[in-house]
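Trainee: Submitted below is the structure of interest, expressed as structure tokens.
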Amino acid sequence: MKGRSMVINGDRWAVVDVAPAAPLAEMVAALLEEEGFIVITREPGMGDALTHLGSHGLGITYVLVPEADAVDALKLIEETVTDYQGEELDELIGGLAQSEREVEDED
């Protein structure tokens with residue numbers, strides 16, 4: 001899936017990361033944004049309206065950049081992002097979910 005292009009709202013975007021959970025995709029998106037990339041995240045099958053409203057399903061989430069920036073974004077991800085697997089991934093997702101609940105409790 002990485003490197004695949006898709007048209008969203010008339011613009012060509014390239015998938016630069018496929019994360020197993022939305023919070024992990026958001027972390028990659030934040031990294032790219034800090035470096036000046038325009039980034040969107042998208043869950044397969046989620047409509048634009050639901051995604052923009054912050055609705056997240058369970059499962060994989062794509063990180064996309066404008067097609068012209070894909071090579072540079074992929075290079076940055078390769079140099080900086082660690083792929084988590086197995087128990088390490090479960091622990092990270094659990095920690096992210098806990099942090100999200102704590103933030104919601106503060107509101």
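Trainee: At Glu35 and Glu91, where each label point lies 7 Å from the Cα along Cα→Cβ, what is the point-to-point distance in nanometres?
Mentor: The answer from the label model is 2.6 nm.
Trainee: For Lys2 and Val18 in the same chain, what is the full-extension length gain: residue separation times 0.36 nm, less their Cα-Cα distance, in nm?
Mentor: Contour length minus the Cα-Cα distance gives 5.1 nm.
Trainee: Taking a virtual spin label 7 Å from the Cα of Asp11 along the C-beta vector, which residues in segment 23-40 bring their backbone nitrogen under 11 Å of it?
Mentor: Hits in segment 23-40 for Asp11 at 11 Å: 38-40.
FYI, it's all coordinate maths here, none of it is from the lab. Small disclaimer: the values here were computed from a predicted structure and weren't measured. Heads up, the Cβs are rebuilt from the backbone with ideal geometry, glycines too, and the neighbour counts pull from every protein chain shown.
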